[in-house]
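Written below as structure tokens is the structure these notes are about.
The values are calculated or read from the model by the stated rules, or taken from the named source; none is laboratory data. Because the structure is predicted, anything quoted here is derived from the model rather than measured. All Cβ positions, even for glycine, are placed from backbone atoms using ideal geometry, and neighbour counts span all protein chains on display.
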Amino acid sequence: MYSLTRPSDQTLDGLIASHTASTGELQLSYPMIGMSLDDGPPPSGFRHDTWRRPAGSGDHAFEQATEAIRSWAGHRAAGVIHRPTTPDLAEGTVVALAARAVSLWVTAVCRIVGVIDEPHRFGFVYGTFDHHPECGEEAFIATRDDAGDVVIEISAVSRPSSRLAQLSGPIGRQIQHRTTEKYLDGLSGRA
């Protein structure tokens, strides 16, 4: 959804309520849950982008990266408003997002479809519902390797779904890349 004004918290809460109605969960807008974590080729028509950023070394760096993901620091650094303000990182949690893109506010609703909570790997994956400008999912993961080096990785498998997103072409891709860089800044402590 697009608007000229920032959506209110009540509007965002209403979107969450409409996507978690008592009649059951709405379907996601893409074919394969978990495709952002898959190393294979994306489904036809989708692109797979992966961004990585070093986030220090050792237990403390991993704990900081984990807390940044848990507290949605990347989204805050990118100026993305989310409701609830600190969503539970649990499979099935529905989140409403709003961000300014050029002169419009873009509002979307996603559902957390996976949570990774391992000794050396932490993060979550959310997937899109209809009315999101993109169709697909995005993963936000911190990994600590055997040497103790911590890396933040964002992996997105998506395709434009709204007419405006389709028409935006390279400008839309540039906005996506800029937003992802800000996510990485927030998650790696550089915001």
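Brief remarks on what is shown
- Checked against (1) of a type in the set (V, I, T); (2) surrounded by fewer than 20 Cβ atoms within 10 Å (Cβ to Cβ); (3) more than 22 Å from D185 (Cβ to Cβ), V94 passes all but condition (2).
- Tally, over segment 31-55, of residues that are part of a loop (DSSP other than H, G, I, E, B), under 19 Å from H177 (Cα atoms) and among the hydrophobic types (A, V, I, L, M, F, W, C): 1
- Scanning segment 106-151 for residues that are in contact with a helix residue (DSSP H, G or I) (Cβ under 6 Å, 6 or more places away or on another chain) and of a type in the set (K, R) returns a single hit, R144.
- First in segment 168-185 and of a type in the set (A, V, I, L, M, F, W, C), second anywhere and modelled with pLDDT under 85 and surrounded by fewer than 17 Cβ atoms within 10 Å (Cβ to Cβ), Cβ under 8 Å, 6 or more apart: I171/V102; I175/V102; L184/R190
- Lone unmet requirement of (1) closer than 28 Å to Y2 by Cβ; (2) more than 13 Å from the chain's Cα centre (by Cα) for H60: (1)
- Exclusive hit being closer than 23 Å to Q176 by Cβ, within 17 Å of the chain's Cα centre (by Cα), assigned to a helix (DSSP H, G or I) and β-branched (V, I, T), set I16, I69: I69
- R70 being closer than 18 Å to I112 by Cα, out of contact with any strand residue (DSSP E or B) (no Cβ under 6 Å at 6 or more places or on another chain) and either free of Cβ contacts under 8 Å to residues at least 40 places away in the same chain or surrounded by 15 or more Cβ atoms within 10 Å (Cβ to Cβ) (or both): yes
- Unique residue being under 14 Å from S18 (Cα atoms) and in a strand (DSSP E or B) when the list is V113, V109: V109
- Looking at D38, D13, D59, D9, just one residue is within 18 Å of T128 (Cβ to Cβ) and either surrounded by 13 or more Cβ atoms within 10 Å (Cβ to Cβ) or out of contact with any strand residue (DSSP E or B) (no Cβ under 7 Å at 6 or more places or on another chain) (or both), and that residue is D38.
- Residue check, I81 buried (at least 17 other Cβ atoms within 10 Å of the Cβ), at pLDDT below 95 and under 14 Å from the mean Cα position of the chain (by Cα): yes
- Within segment 115-142, tally of residues that are small (G, A, S) and closer than 21 Å to L15 by Cα: 2
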